[in-house]
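The values are calculated or read from the model by the stated rules, or taken from the named source; none is laboratory data. Please read these numbers as outputs of a predicted model, since none were measured by experiment. Backbone-built Cβ (ideal geometry, glycine too); neighbour counts: all protein chains shown.
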Amino acid sequence: MKKAMLVLEEVTVQAGQFVLPPFSLEIAEGECVALMGPSGCGKTTLLETACGLRRGPAGGRIILGGDEVTNLPPGARGIGLVPQDVALFPSLKVREQLEFGPRLHGWNSVEIMQRVEGLARDLGLENLLERSPGKLSGGEARRVALGRALALRPRLLCLDEALTGLDEARHEEVLGVIRKMIEVEGVTALHVTHSKKEAEAIADRVVMME
Amino acid sequence: MVKEGGNQAKIWRVRPEWPFLLFLVFVVAAYLGVLLLLVGANVLTVSWRQAGEVLKDPNIQHSIKLTFVTCTATAILSVLVSVPVGYLLSRYRFRGRALIDTLLDIPILLPPLIVGLSLLILFNRISPSASCWILAGGALAAAGWGFGRGENGIVPRFFTGGAIVFGFIAWAFSGSDHSLEEVVSEVGLPMTFHPLGVVLAQFPVAAAFAVRTMRTTFDQISPRYEDVAMTLGCNRGQAFMRVVLPLAGKGIVAAGTMAWARALGEFGPILIFAGATRGRTEVLATSVFLEINIGNLPGAAALSLLMIMLAVSTLLVVRFLAGRGGTV
């Protein structure tokens, strides 16, 4: 059996009036899990907690690749995030979006160039590298956000309703790209979605939140 | 199949909308008419010859120069303060936030004379020791509030440190009977009735407006950008510098312009704290006042027109930035 990449142990979160009851989840290395549940059940809150974007959980432990990361800052966890609204940095071109993480981590320019070119090839972004985010279609923006999240070769890829708002054709296209990238990169993935069809298409396992 | 006849009306009757439209146009036209009359009154009072004479007066030239220098200094100071304050208020939820928000509005709501009077008293009647005791007390209250809520993080500790530092300075100065003005004068930064005092008198209100502008700017920038930047390895400071600040550029220019325009119109605090000494602490607003005092109404009108033009052009800059999709 593969070793666990992400373990949530009885994680509880309090965000204002909202309280997420203790929740446990284990994702094996290389596995893709879709997290489903009705609106307002705390899927995104849980994902943000796993990423470290909310102040430490009210209870429980988060273990990533065998290291406890419960109280580590987001940048120290080795997680890539594709948020629902994509959030490409408006002032940066596509190439700079992909270079953002590696530059911050002090990769040398050859490594950065190779990584960006590799990602651009796999994601079909070769002709878009000098474009600004404002000039990208919804599907292209999703692919750039995916590339930005994967650039640092994270241990876990978190996708938060990453396909919401796309028309059916683009939806299928981006879904295919995500599936391919998870396979190519061999990354463990946690995909939050409310679409059963999407969850079944992308995930090895579907987990329901009440 | 739709049944014909019966109670179904084919076209519903709606009252005409022109009375409402006329009402709107009337109110807007009346208001703009008043503004036009105010500007027109100045235009009719002044002649080109008189305007030229006033502008050639060395005292007025000094006043114009000092106005530009002090307004610019105030605008820069306001931006430096408003960016961090606006960001804190926009991004962090903490107890006491509403209180800080209210305190920041005080300079806007206070009668301007009170700002000047408070500065005058602070610099000339209160000793540095007493000032530091006040700050130490404030820091101690903030720290106590934090600890009282069971917090032991960096913020209550910071306030405790602040209280200790201010307490120590207060104690060190306790033997001195100098005023704050005497202390700052000794280090070469005299304030009361000096040009530097003009900047200090303009600053509180100008900065309050800049803070409002910056807060709105940051509110309009999605915190998601920072979230993503932080998952990529930024700490909050790096996320702010690399992602948020480049997006806030237009807002920063707008905040600076707003502060500049506010500083231009400041009069009461300057008169009380910096005085209206010709060729020394006189700025355009005080020039208008001095010209009226010596009975030179056309001169005062010429200066008023100059100020109106400056105010309108700064507002146009803000509108232009907002119109171009800037986060203003």
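Out of (1) touching an Asp or Glu at 6+ places or on another chain (Cβ under 7 Å); (2) farther than 24 Å from A:Arg179 by Cβ; (3) away from every other protein chain (no Cβ under 14 Å), the odd one out for A:Lys93 is which? Just one mismatch for A:Lys93, condition (3).
B:Val205 satisfies every condition listed in (1) surrounded by fewer than 23 Cβ atoms within 10 Å (Cβ to Cβ); (2) of a type in the set (A, V, I, L, M); (3) in contact (Cβ under 8 Å) with a residue 12 or more places away in the chain except (1). Would you confirm whether or not the range A:58-67 contains a residue that is within 26 Å of B:Arg91 (Cα to Cα) and not in a loop (DSSP other than H, G, I, E, B)? Checking the range A:58-67: at least one residue is within 26 Å of B:Arg91 (Cα to Cα) and not in a loop (DSSP other than H, G, I, E, B).
Residues in the range A:143-164 that are under 25 Å from A:Gly66 (Cα atoms), charged (D, E, K, R) and not in a loop (DSSP other than H, G, I, E, B) were compared, and the one that is farthest from the other protein chains (Cβ to nearest Cβ) is A:Asp160.
Determine whether B:Trp145 is at pLDDT below 90, surrounded by 14 or more Cβ atoms within 10 Å (Cβ to Cβ) and part of a helix (DSSP H, G or I).
Spelling it out, B:Trp145 is indeed at pLDDT below 90, surrounded by 14 or more Cβ atoms within 10 Å (Cβ to Cβ) and part of a helix (DSSP H, G or I).
Residue selection: B:Thr70 satisfies the criterion of being crowded, with 20+ Cβ neighbours inside 10 Å and either within 16 Å of B:Ile252 (Cα to Cα) or within 16 Å of the chain's Cα centre (by Cα) (or both). Suppose we keep only residues that are assigned to a helix (DSSP H, G or I) and free of Cβ contacts under 8 Å to residues at least 60 places away in the same chain within the range B:87-105. Which one would you say is surrounded by the most Cβ atoms within 10 Å (Cβ to Cβ)? Taking the candidates together, the pick is B:Leu88.
Yes/no matrix, rows are residues, columns are (1) touching a strand residue (DSSP E or B) at 6+ places or on another chain (Cβ under 7 Å); (2) hydrophobic (A, V, I, L, M, F, W, C); (3) within 24 Å of B:Ile108 (Cα to Cα):
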residue	(1), (2), (3)
B:Arg13	no, no, no
B:Leu24	no, yes, no
B:Gly33	no, no, no
B:Val39	no, yes, no
B:Thr45	no, no, no
B:Gln50	no, no, no
B:Val54	no, yes, no
B:Asn59	no, no, no
B:Ser82	no, no, yes
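Going by the conditions given, is A:Val177 within 20 Å of B:Asp227 (Cβ to Cβ), touching an Asp or Glu at 6+ places or on another chain (Cβ under 9 Å) and of a type outside the set (Asp, Glu)? The answer is no for A:Val177. For the range B:16-36, the criterion of a residue being among the acidic types (Asp, Glu) and either in contact (Cβ under 8 Å) with a residue 40 or more places away in the chain or surrounded by 14 or more Cβ atoms within 10 Å (Cβ to Cβ) (or both) is satisfied by no position. Taken over the range A:68-96, the residue count meeting the criterion of being under 18 Å from B:Arg236 (Cα atoms), assigned to a helix (DSSP H, G or I) and in contact with a Leu (Cβ under 6 Å, 6 or more places away or on another chain) is 1.
Residues of the range B:213-221 include at least one that is away from chain A (no Cβ under 14 Å), crowded, with 20+ Cβ neighbours inside 10 Å, over 14 Å from the mean Cα position of the chain (by Cα) and not charged (D, E, K, R).
If you go through the range A:78-90 and keep only what is surrounded by fewer than 22 Cβ atoms within 10 Å (Cβ to Cβ) and either facing chain B (nearest Cβ under 8 Å) or more than 16 Å from the chain's Cα centre (by Cα) (or both), you end up with A:Asp85, A:Phe89, A:Pro90. Scanning the range A:97-122 for residues that are at the interface with chain B (Cβ under 10 Å from one of its Cβ atoms) and either of a type outside the set (D, E, K, R) or assigned to a strand (DSSP E or B) (or both) yields a total of 7. None of A:Gly176, A:Gly80, A:Gly118, A:Gly106 is out of contact with any Phe, Trp or Tyr (no Cβ under 6 Å at 6 or more places or on another chain), touching a residue at least 12 places away in the same chain (Cβ under 8 Å) and not β-branched (Val, Ile, Thr) except A:Gly80.
Of the residues that make up the range B:185-194, is at least one assigned to a helix (DSSP H, G or I), away from chain A (no Cβ under 14 Å) and within 26 Å of B:Thr72 (Cα to Cα)? Walk me through it before giving the result.
Start the filter on the range B:185-194 by keeping residues that are assigned to a helix (DSSP H, G or I), which leaves B:185-186.
Still in the list and also away from chain A (no Cβ under 14 Å): B:185-186.
Filter once more, keeping what is within 26 Å of B:Thr72 (Cα to Cα): B:185-186.
Yes, the conditions are met somewhere in the range B:185-194.
Checking A:Glu10, A:Glu48, A:Glu31, A:Glu68 one by one, the residue that is among the acidic types (Asp, Glu), away from every other protein chain (no Cβ under 14 Å) and touching an Asp or Glu at 6+ places or on another chain (Cβ under 9 Å) is A:Glu31 and no other.
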